[in-house]
Every structure is written in C-alpha cells, then in structure tokens.
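These notes are about the structure you will find just below.
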Amino acid sequence: MIVSFEDLRSSMVADQLVGRGIRDPRVLDAMARVPRHLFVPAEAVPLAYADRALPIGHGQTISQPYMVAVMTEALALSGRERVLEVGTGSGYQAAILAELARDVVTIERRPELAEAARTRLASLGYKNITVVVADGTAGEAGIPYDAILVTAGAPRVPESLKAQLAEGGRLVIPIGSYGQQDLTVVARTGGVFVESVHESCVFVPLVGREGWPDR
C-alpha cells in the first residue's frame, strides 16, 4: 500500500503531537499543512515524518516534530505577531511560524543554509518571511519582536535578544550545557523578565558573540 505524505503528516500530528499533549489547534493545523519532507535532504525524505531530528548538512539538524510543536506552542501566537527566529536551518520552523504569525524574521549564520532556505520558502509561496545572514545571538535590530524563538542551545539567554523582546512578549530558548539543555520560556511583563524552565532537550549549540564559541 502506498502511503501519501499527507497521510504521514496526519499520523505525525495524531501520534507524535496530540498523543504527547500538544493542544493548540492552530499549531496542530500548521504542522499538518507544512510539507516537512521538502525541508530535508533527498536521502532523508523517507524519514521526514519520523519522531526524530534529522541532519540537514553543515553540522545542523531539523528538529524533531514534537520539539518544533512544543516550542511553537510555548510562544502562544495569535496571528498578529512579528516573530524573530534564531537559527533558520532548512527553514521548516520558519514556515510553521509563518503560518501562525503576521511576519517572521529568521537569522542564519551560515550563508549556504540561508540561501537554500530562502529559495525553498519562496518556492512554497511564503511572502511573510525574511531570511537574514548574521550572528543570531545579537538578534536583528528594528521593531521589538512580539515573540522570539531560538532553535539552538545556549549557555544563557542573550541579553541582546531580551532587549528586543516587546512588552508582553515571549522568548523560547534551550538553555544549558553544550550537549544538554532545558527548554526555557522568558516572558516580559512590566519591564520584568520572568523565566520558567520546562522539559529537557538536546539542540546543536548556539554559536555567536552571546552564545558558544565556534569550534
């Protein structure tokens, strides 16, 4: 029996997301729509909807579907937000965010990954995503962001990103050691930053001025 990508996405949402506690209907709908298999290398397409992270080249990965959903749900997006993503990778997380927010600015330090993601996202019709090549730990100056999502593990929350978080906004970032982190949510309320620590996770290191040194 031939199983379609749509069927694989439906199973992914039901088993890996709903089955593990993801409840936001907008997040579930976005995960059911975005074609994850188009964001992985050709040799990884058979595993695109598997419950695991996958290599995308240059020492980087596309995150496990469940972790993408957990981090996205933690932002509590309503659809009106301007979102900053740090760590574009293949562009998959940016596409999910673009389905749920008004505008997305995504930063990638590797030009090759950034250009590939820019081309891929444009081919899929996303017009509300801007891909920037820069040190993501410094953020992207401009209007404060209603939500910030960092898709790499950091030793601490970069002060530059906290400064760019709008009042009432949320910043989601893995914080911990080089090889093990805890998902951390930073909320800005009344000019005060309140951190809450959630589940353990493992991400590639956040490299940059306010992250880990490049090895």
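The values are calculated or read from the model by the stated rules, or taken from the named source; none is laboratory data. Note that the structure is a prediction, hence the values are computed from the model and not measured. Cβ coordinates were reconstructed from backbone atoms using ideal geometry, including for glycine residues, and neighbour counts include every protein chain displayed.
Quick notes on this structure:
- Boolean, Ala154 is under 20 Å from Met67 (Cβ atoms), at pLDDT 95 or above and in contact with a Phe, Trp or Tyr (Cβ under 8 Å, 6 or more places away or on another chain): yes
- The residues on offer are Val185, Val172, and the sole one that is of a type in the set (Val, Ile, Thr) and either assigned to a loop (DSSP other than H, G, I, E, B) or buried (at least 19 other Cβ atoms within 10 Å of the Cβ) (or both) is Val172.
- Test: Leu17 is crowded, with 20+ Cβ neighbours inside 10 Å, out of contact with any Asp or Glu (no Cβ under 7 Å at 6 or more places or on another chain) and within 26 Å of Thr184 (Cβ to Cβ): yes
- The condition (being β-branched (Val, Ile, Thr) and buried (at least 17 other Cβ atoms within 10 Å of the Cβ)) is satisfied by just one residue among Val3, Val34: Val34.
- Restricting attention to segment 37-49 and to residues that are of a type in the set (A, V, I, L, M) and under 15 Å from Tyr92 (Cβ atoms), the residue that is surrounded by the fewest Cβ atoms within 10 Å (Cβ to Cβ) turns out to be Leu47.
- Flag if Gly89 is touching a Leu at 6+ places or on another chain (Cβ under 7 Å) and closer than 13 Å to Gly136 by Cβ: yes
- Some residue of segment 101-114 being small (Gly, Ala, Ser), assigned to a helix (DSSP H, G or I) and either modelled with pLDDT of 95 or more or surrounded by fewer than 16 Cβ atoms within 10 Å (Cβ to Cβ) (or both): yes
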